[in-house]
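> Got a structure here, written out as structure tokens. Questions coming.
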Amino acid sequence: MELFSNLALGFGQALTAQNLLYCFVGVLYGTIIGVLPGIGAVVGISILLPITFGMPPVSAVIMLAGIYYGTAYGGSTTSILVNAPGEASAVVTCLDGHEMAKQGRAKAALATSAIGSFFAGTLATVGIMLLALPISRMGLKFTPAEYFSLIFLALTMVGTLASESPLKGLFTTLVGLFLATVGIDMQTGQMRFVFGMVDLMEGVDFIVVAIGMFAIAEVLTQAEQVWKTGPLRRATIQGTLWISWNELKQSFWPYVRGTFLGFFIGVLPGAGSTTATFFSYAVEKRVAKHPERFGKGAIEGVAGPEASNNAANQGALVPLLTLGIPGSATTAIMLGAFMIYGVQPGPLLFEKNPEFVWAIIASMYIGNAILLILNLPLVNVFAKLLDIPGALLYSMVLTFCTVGVYSMRFSIFDIFLMIIFGIVGYFMRKHNYPAAPLLLALVLGDLMEQGLRRALTLSNGDWSIFVTRPISLVILVAAFLSLIFSFTRLFQKKKVKA
């Protein structure tokens, strides 16, 4: 009964005219961002985030969440039409989705993508409802020692599992932790690493870093790509709008498997929706009666990964809402947004602000329904967005980024900092250094430092507190196991290549 009463409370908030409008704007904008090649949820939220500062926190987060899972819907469109994934997690959709388009079955591929995303998004929201309260109640038992260990686990998993090279992932994580120490130490009042610059006294703003390393770096990357190969061409859409009954039956079990697999992978910090889609594709190919069809237009190769993509994105909200631990770069930006709005995600969120968190959960049901309505009839409309010249598109992105960063503190220094991080992010991409661990470490660095200091204060400087408390010990063991697993996998790859 408590679950249904909480959900009723959430729908009471989410169904107001204002929040419905913000939900619609968020999912529509998210879908468009997903359709446009290479921009993605991180860039989309980064661009729009400064606009939300004057909005009510509930409305702002409903819109940001709509952008987040809206991009998962739209990201498959360019994968299917032009073999160019709008999101990294839509890469797998290219394998069979674009083959279906070349066979004249583009609308069937787009339809199964939209239906699978709706199916997975709705079930994943049920999963959030069922798991959120138990996890948050468990989180109430956490002391600063457990929070330090949990953040250490999150950074370890993101730094090692989210990149092909654990060393590169850990390096960028350490860079992010260093950036988190810049500014005034809130406990001692000492200035750290400001080098006499007044603008750095407040620290390095994560929004400036996020926009620089994702949006500006993406503009530079796309400019290089267009210069080398020219603008992308979109495919001609043929066939019927709806998939056939046989294709729908073929897609049903991939929907189910992709949803459960994606949700539980999404809950793990650092695993991400891209990992989930690759796992889903591998599972579908393994269980298929005719695996040779995969890569040649098998509809299961679209249905499973698209369901797992959306489910993983929503699963990543579980640790964010219940423990205050983001599992991806996008949820890291949302965590920073929560803090700007004066809301602290974590176990107490469900007790102190139940109307806030349940309004977000209820809005996901509404947002998924809106997205299904948008994506099925408006396939051709979204496809025409690909006709925007690349120079115009990315000029608009640069303009929005510059205006957004300047409007935060009206500081020219922040714009220069954004450009610097954009250039750094561009070269990181060129040399396969992941940006997500850096951003996560920047957001979580202060929380990790405070957890460390408070735990040592409680234990009078005794470091054994981290291993004498059972929950903290288990979390630390999991962190070290993830390190061992990642480096073992790296050495195995080197042996195979040798």
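The values are calculated or read from the model by the stated rules, or taken from the named source; none is laboratory data. As the structure is a prediction and not an experimental result, all values here were calculated from the model. Positions of Cβ are backbone-derived with ideal geometry, glycine not excepted, and every protein chain shown enters the neighbour counts. The protein model used for the area step is the full one, side chains on, heavy atoms only, and it has no ligands, DNA or RNA in it. Shrake-Rupley method; radii C 1.70, N 1.55, O 1.52, S 1.80 Å.
> What number comes out for the charge environment of GLU300, summing +1 per Lys or Arg and -1 per Asp or Glu over other residues with Cβ under 14 Å away? Mind dumping the intermediate values first?
On the way: positive: ARG105, LYS249, ARG257, LYS285, ARG286, LYS289, ARG293, LYS296; negative: ASP96, GLU99, GLU247, GLU284, GLU292, GLU306.
Local charge sum for GLU300: +2.
> To continue, here is another question. Please give the solvent-accessible surface of LYS228 in Å², to the nearest 10, using a probe radius of 1.4 Å with every protein chain present.
My reading of the accessible area for LYS228 is about 130 Å².
> Along the Cα→Cβ direction, 7 angstrom out, place labels at GLN187 and SER411. What is the inter-label distance in nm?
If labels sit at GLN187 and SER411, their model points lie 2.4 nm apart.
> Which order do SER165, SER363 take when ranked by solvent-accessible area (1.4 Å probe, heavy atoms of all protein chains), largest first?
On the way: SER165 30, SER363 0 Å².
Listed by decreasing accessible area, they come as SER165, SER363.
> Follow-up question, since we're still on this one. Enumerate the calculated ³J(HN,Hα) couplings along segment 185-197 in order (Karplus 6.51 cos²θ - 1.76 cosθ + 1.60, θ = phi - 60°), each rounded to whole Hz, writing x wherever the residue is Gly or Pro.
Those phi angles translate into 6, 5, 8, 9, x, 7, 8, 10, 6, 8, 6, x, 8 Hz.
> I've got another one for you. In the full protein assembly as shown, how much of GLU292 is accessible to a 1.4 Å probe, in Å² to the nearest 10?
Looks like 110 Å² after rounding.
> LEU458: net charge of surrounding residues, Cβ under 14 Å, Lys/Arg +1, Asp/Glu -1, itself excluded? Please report the intermediate quantities before stating the final value.
Working: positive: ARG453, ARG454, ARG469; negative: GLU146, ASP462.
That works out to +1.
> Next question. Under a cut-off of 15 Å between alpha-carbon atoms, report the aspartates and glutamates in cross-link reach of LYS249, not counting same-chain residues fewer than 8 places apart.
By straight Cα distance, LYS249 reaches GLU284, GLU300.
> In terms of modelled amide H atoms, which long-range or inter-chain residues lie less than 5 Å from the amide H of ILE184?
Excluding prolines and chain starts, which carry no amide H, the hits are ARG192, GLY203.
> Checking the a/c ratio against 1.5 first, then a/b against b/c, what shape does the Cα gyration tensor give for segment 412-498?
On the way: a/c = 4.41, a/b = 1.21, b/c = 3.63.
It is oblate, given that a/c is not under 1.5 and a/b is not larger than b/c.
> Go through ILE412, ILE62 and list them by solvent-accessible area, largest first, probe radius 1.4 Å.
On the way: ILE412 95, ILE62 0 Å².
Descending order: ILE412, ILE62.
> Let me ask you something else. Under a 1.4 angstrom probe, counting protein chains only, how are TYR22, TYR281, TYR433 ranked by accessible area, largest first?
Values: TYR22 55, TYR281 30, TYR433 80 Å².
So the residues, ranked largest to smallest area, are TYR433, TYR22, TYR281.
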